[in-house]
Each structure stands twice: as structure tokens, then as C-alpha cells.
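Report on the structure given below.
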Amino acid sequence: MAACPARVVGRRLLHVEPGRRFMRHRTTTDAQLRAHEYSVVLEDCAISRVEVSQLAANKPIEDYHSAAKCISSNAFLFGVFDGHGGASCSRHVSARLFDYISAAVLDKHTVKNLPLGERLQWLFSSGDTRLPSFIRDQHKENVKKFLKKFKHDADLTTVRKALQSAFLALDDDISAGALPDNAGRVDRVCANVAASGSCAVVAHVRRGHLHVANIGDSAAVLGVSHHSNLTARQLSRPHCVENDDEVQRIRSAHPISETTSILRAGRLLGELYPLRAFGDVRYKWTLDLQKVVLEPLGVSVPSGLFTPPYLSAMPEVFYHKLTPNDHFLVLASDGLWEWLEPDTVVRLINDHTLGTQTLSQYVPAPEANLNEVVLDLERRKQGESKKPLDENSATHVIRNALGGVSGGTDHQYERLKESLQLPPGMARHYRDDLTVIVVHFNPEYIKNHPEADETGGF
């Protein structure tokens, strides 16, 4: 028999059993995966619970997420904000965007008239929603101006247009905040927010109406029951060179002479992968303005900047009428989709909900007869054979993204150990930040409440 490994503590020689070391390793891995998970249970609405989990690769992390309720319309807001070029923009968007959306409540959807500062009830946020005083005061004024403009625009009569106007207004205000004041001074904090960028995917849920607004390469996927099977329905499209419509949109907005220079090496002006984003004023401002504001801060001008803006924060908005067949919505940054396909994510969450392991291979016991195998498979289908390792479905998804969905638990922990032993910062060379929000719907509420069937949800 091989001797157990030993270590010296003081003058004592302690033997460490391999099994105990392995259990400690599992405990450490679980703690890392669950360190930034959160869940909230909701009642008397189309949503039963919300689960979120996040794992950093960058230092500081560039992903942010938020969830809130707009009390004026009883709409729930969920957002994942994937930053790039730093964390400043995504952090500010996560704290400021929902104020614009809560200001853009349509009259026909208003259930309670409230002052702007009282319309939003935060459920959770990975960042501090309290802004610095000098930014907060200007932000309040910006939202007031936006509300006034929104009320006087007769064309803003749908949730889709309201979301689009909120996105664009925030992006305009981020850009304006970085401009020199009357004395020619540039605020470095505001300039950093504007110079960095953020993708965003936001879900707006009001009664049985779901809108998803997206810019960039984060994604929204709906888990839908269809003929006793759960399928993935994508409610967003990535804004990148793989999207032919996006490529055509950008090229058609600029002279033919720039056809080959706008998109180089699969990136905007050879640098930026997402083709829509908040901030990133390097791709929106003129050369002269960048020389005044950004160059003194050490921010370079991208090559090939001839006819800006090349980048927009106009979101693409998808609408879906919820039915009892809609089980859950997944919002996630691209760090997840690099590892898992939408169909796999939906199966994992369904597997987690049922307490089964449908993605792992079933191996019957050597002595099992046919009847026992049939019973095992039935229990497996009903979720009685094995419970998942994580209570939080979003953490469950991240575990399987990095640890793999096959090979058994032991191999999964080994792969997780290999991935998680890299500290944030160094880990970025191998993967991106991962943020997952899972919004679980309440099918009984959707089925039994006639107001969920009203028209005019757009």
C-alpha cells in the first residue's frame, strides 16, 4: 500500500489522506463558483424567481449585471453589460440605463404616477448603483430632459421605441459628459467612461409581454416547451461580422471608397469586434474632437477614421408574447456562448430544474435487469435519480461551461480546478468574464391571468 502524503506542522508530522485533500479541493472549487451568485423569488407576477452568477477573468471584471422593477409600470428589467477597453462604461451603464427606461413608460402602461427618483426598485446589481455626486447630479438632469423630450414625441408609442430611445439617450449623455466644459476642462472620469465601451442585453418583462433589447454580442435565449421537448429560441442577434445584415448596414452608411477599410480582420476599423455598443467614442467622434479630448489622455485615434460615426447604440428589439410553454429566459455575456451552444444551455437549465443529468451518459449497473433499467431511466427523466451540485441554475451553467458536460463529476472538477487556479487578469488569456442571468417564468400565472393576454404589448 502506498504511503499517505505528509506535511510538517511545527514538530508534528500530519498525514493527509488523499480523499480528504480531494474533498478540500472540491470545496474550494465550489466556493469559487458560488462566490458571486444571487437569487430572488418573486410573487404574483409572470416571473417566479431570478438566478444570477458571475465569474471574473479580467481584473477588474468588465462584466456587470443589474435587475430592477419599474414601479410606474410594474415592468421588470434585467440586464447584462459586457464591457471592453476597461470596466468604466459597463459599470455606468448598469447603474444608469434603467433610469432612462423607467422614465420612458408609456401612458397606456402607467399604473402609478411617481416622481423619477421613486420609479425604480432595485432587485440586485453587481456594481454600486450609487453614482459619484458630480455624475449623479448631471445624470438626474439628463433623465429629466429625456423625460420631457419623450413626453412630447408623438412617435414614441411602443415599448420597442421607448427602449431604443432610452439606449440612445444614455449613449448621447455619456458622450456629452466627456466634452470640455466652458473653461475647456475635460473630466477624466467621464472621458474614461466614454472612451471605454459596453455591449448590453436587456429584458423588459411586463405582465405576459417580453421585450429584449440588444447591442453587441451578448445574447438572450428562451427555453420553450415544444411537443414535450424543451428547445432554445434566440431572442437576440449578435452584432458582429458574422451577421451579414450588420455588415451591410455599416457599409451602406459610408462611402464606397471605405468598403474595404471599415471592416478589417473581422473588426470595426480593424480593432473593435462588436458593431454596436455604448461609449467607444473613438469610433463615433470626429478626428478633430478626439485630438482635443482623447489624445491628451493617451487615447489614440483608430486607423481609417474618415466618416464617423461608425458605431451606434441603437438596440435591436425583439418581442415575444409569453405563454405557459415558456419556461425561462437566459441572458448572458459572450463569455458563456464561447463555451456552450444555446441548445445546450437550455438543456442544462432544464436538467437543473428537474434535478436530472440528461446530458451525461447513462450506464446501468452490471447486475441490473431490463425492468430495473427502465425504472432507472424513468426516475432519471422525472428528476429523482440525482440532484444537481448547485442550487443556483446560473452557477450550474457556468460549472458545466468550464468543467464540461461529459466525463463524470471527477473529471469535471479536474477541469474546473485547471481553469479556476488562474487568477483574474491571467485568466483573461484563456477565457472571458462570464455572467449569466436566468429568469424563471411562472406558467400558472401566465395561464390564469387574462391581463397577460392583452394586445398592444409592443
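Values quoted throughout were computed directly from the atomic coordinates according to the rules given, and no laboratory measurement underlies them. Treat the numbers as computed from the prediction; the structure is a model and nothing was measured. All Cβ positions, glycine included, derive from the backbone under ideal geometry; neighbour counts span all protein chains shown.
Once the Cβ-Cβ distance of Arg24 and Glu391 is raised to the sixth power relative to R0 = 30 Å, the FRET efficiency obtained is 0.90. In order along segment 132-143, the Karplus-derived 3J(HN,Hα) couplings, from 6.51 cos²θ - 1.76 cosθ + 1.60 at θ = phi - 60°, round to x, 4, 5, 7, 4, 4, 5, 4, 4, 5, 4, 5 Hz, and Gly and Pro are given as x. For a straight C-alpha distance cut-off of 16 angstrom, the aspartates and glutamates reachable from Lys447 (same-chain residues fewer than eight places away being disregarded) are Glu43, Asp44, Asp326. For Asp433, the residues whose amide H sits under 5 Å from its own are Ala57, Asn58, ignoring neighbours fewer than 5 places away on the same chain, with H placed 1.01 Å from N. Once the chain from Val247 to Asn182 is taken as fully extended at 0.36 nm per residue, the excess over their C-alpha distance is 19.5 nm. Database remark: amide H of Ser48 closer than 5 angstrom to the amide H of His440, Phe441, Asn442 (H placed geometrically; neighbours at sequence offset of 5 or more, or on other chains; Pro and chain starts carry no H). Using θ = phi - 60° in the Karplus curve 6.51 cos²θ - 1.76 cosθ + 1.60, the 3J(HN,Hα) couplings for segment 265-281 round to 6, x, 9, 5, 6, x, 10, 9, 6, x, 9, 9, 5, 6, x, 6, 5 Hz; x is entered for Gly and Pro. Report note on the peptides 417-427, 397-407: ranked by the mean count of other C-beta atoms within 10 Å, highest first, their order is 397-407, 417-427.
How much length is gained on full extension from His227 to Lys140, taking 0.36 nm per residue of separation minus their Cα-Cα distance? Write down the numbers at each step before the final one.
Values: separation 87, 0.36 × 87 = 31.32 nm, distance 4.91 nm.
Taking 0.36 nm per residue and subtracting the Cα distance, the gain is 26.4 nm.
Using a Förster distance of 60 angstrom, determine the FRET efficiency expected from the C-beta separation of Leu375 and Gln421, and round it to 0.05. The pair Leu375/Gln421 has a calculated efficiency of 0.90.
Residue-wise HN-Hα couplings along segment 418-428, as the Karplus relation 6.51 cos²θ - 1.76 cosθ + 1.60 with θ = phi - 60° gives them from phi, are 4, 6, 7, 6, 7, x, x, x, 6, 4, 4 Hz; Gly and Pro carry x. Among the trypsin sites (Lys or Arg not before Pro) in segment 137-191, those placed in a DSSP loop whose Cβ has at most 16 other Cβ atoms within 10 Å are Arg185.
Taking every alpha-carbon pair under 8 Å whose residues sit at least 6 apart, the chain reaches a relative contact order of 22 percent. If the limit is 28 Å between Cα atoms, which of Lys69/Lys151; Lys112/Lys149; Lys59/Lys387 go over it? In this structure, Lys59/Lys387 exceed 28 Å between Cα atoms. Packing-based ranking of 50-56, 235-241 yields 50-56, 235-241, ordered from highest to lowest mean Cβ neighbour count within 10 Å.
So what is Rg over Rh here for the chain, counting just Cα atoms and using Kirkwood for Rh? Numbers along the way, then the final one.
Values: Rg = 24.5 Å, Rh = 24.0 Å.
Across the chain, the Cα-based Rg/Rh ratio is 1.02.
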